[in-house]
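**Student:** Handing you a structure now.
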Amino acid sequence: MKVLHAALIFGVAVASVDALAQSQTAIAPAEFNAENAAKRPEGYRQWIFVGAPLTPNALNGGEAPFPEFHNVYVEPSAFAHYTETGAWAEGTQIVKELVTVRENDNDEVGATQEVSGRGYQQGEFAGLELTVKDSARFPDMPGGWAYFSFGHHAPPYAEEAAAFPADACNACHEASAETDFVFTQFYPVLRALAAEK
Ligand code: HEC
């Protein structure tokens, strides 16, 4: 019995050392179909949440390109690599899920009065986008980053999405994002990690 117990403990110890080694090297890959369309990632709401920028219609002449909250999540193995290095690894996946501003007697700037005060609260899911850094698969995309949308509407989202041409998405990210096409200037969690490097 004692021997079995020791073997079990040893087995667990070996398994966790393996997991640690993997977390420092392997980046969980995105899935693609034969035409290089991305499959909708599963479980992304359990990824690492890094921020929720908001550009409401009412502050953008009634026509913000994305009038919702932009909830941004980084795939955990890519987040671990960023934590270790301050850089985005090949294979990094980042999603942005759009969430409407809560409706509840919204005033002239689209804000609502809630128990916490006047402001903007999250309402309903309204769209899903993904970016993947994969220079081998997308050699023509600047920085190797490809961008996808699974729909700008309430779920259910599309199962697959083709990459946008570089000038549709990639160009603005290249011109204005702070860290390798990613808008870390809007994500203090990521800025703080990079500052520790
Ligand atoms: C005019 C500039 C611009 C264009 C064009 C643009 N984006 Fe972005 N994108 C941003 C900004 C700014 C952010 C930072 C967070 C936010 O406000 O959503 C962002 C953030 C993102 C993120 C989260 C990761 C990050 O880089 O911060 C994804 C995913 C994303 N955009 C996808 C897309 C897709 C897909 C397209 C094309 C359909 C696109 N973007 C086009 C400006 C742009």
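Residue by residue, here is whether (1) at pLDDT below 95; (2) part of a strand (DSSP E or B); (3) in contact with a strand residue (DSSP E or B) (Cβ under 7 Å, 6 or more places away or on another chain) holds:
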residue	(1), (2), (3)
ALA87	no, no, no
GLU103	yes, no, yes
GLU124	no, yes, yes
GLY127	no, yes, yes
VAL132	no, yes, yes
ALA136	no, no, no
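**Student:** Across segment 174-197, what is the number of residues that are within 17 Å of GLY51 (Cα to Cα) and either among the hydroxyl-bearing types (Ser, Thr, Tyr) or assigned to a helix (DSSP H, G or I) (or both)?
**Tutor:** The qualifying residues number 12.
**Student:** I'd like the full set of residues that are away from the ligand (no atom under 12 Å from the Cβ) and buried (at least 16 other Cβ atoms within 10 Å of the Cβ), limited to segment 58-75.
**Tutor:** ALA58
**Student:** Sticking with this structure for a sec: Which residue out of PHE164, PHE148 is within 11 Å of the ligand (Cβ to nearest atom), at pLDDT 95 or above and assigned to a loop (DSSP other than H, G, I, E, B)?
**Tutor:** Testing whether each residue is within 11 Å of the ligand (Cβ to nearest atom), at pLDDT 95 or above and assigned to a loop (DSSP other than H, G, I, E, B) leaves just PHE164.
**Student:** Within segment 74-86, identify whether any single residue is among the aromatic types (Phe, Trp, Tyr), without any contact (Cβ under 8 Å) to a residue 40 or more places away in the chain and closer than 30 Å to PRO29 by Cα, and answer yes or no.
**Tutor:** Checking segment 74-86: at least one residue is among the aromatic types (Phe, Trp, Tyr), without any contact (Cβ under 8 Å) to a residue 40 or more places away in the chain and closer than 30 Å to PRO29 by Cα.
**Student:** Say whether the condition of being within 15 Å of ALA37 (Cβ to Cβ), in contact (Cβ under 8 Å) with a residue 40 or more places away in the chain, more than 12 Å from the ligand (Cβ to nearest atom) and in contact with a Ser or Thr (Cβ under 9 Å, 6 or more places away or on another chain) is met by at least one residue in segment 131-143.
**Tutor:** Residues of segment 131-143 within 15 Å of ALA37 (Cβ to Cβ): 131-132, 134, 137-138, 141.
With in contact (Cβ under 8 Å) with a residue 40 or more places away in the chain added as a condition, the list becomes 131-132, 134, 137-138.
Then drop every residue that is not more than 12 Å from the ligand (Cβ to nearest atom), which leaves 134, 137-138.
Those left that are additionally in contact with a Ser or Thr (Cβ under 9 Å, 6 or more places away or on another chain): 134.
Yes; the residues of segment 131-143 include at least one that is within 15 Å of ALA37 (Cβ to Cβ), in contact (Cβ under 8 Å) with a residue 40 or more places away in the chain, more than 12 Å from the ligand (Cβ to nearest atom) and in contact with a Ser or Thr (Cβ under 9 Å, 6 or more places away or on another chain).
The values are calculated or read from the model by the stated rules, or taken from the named source; none is laboratory data. Small disclaimer: the values here were computed from a predicted structure and weren't measured. So basically every Cβ, Gly included, is an ideal-geometry build from the backbone, and we count neighbours across all protein chains shown.
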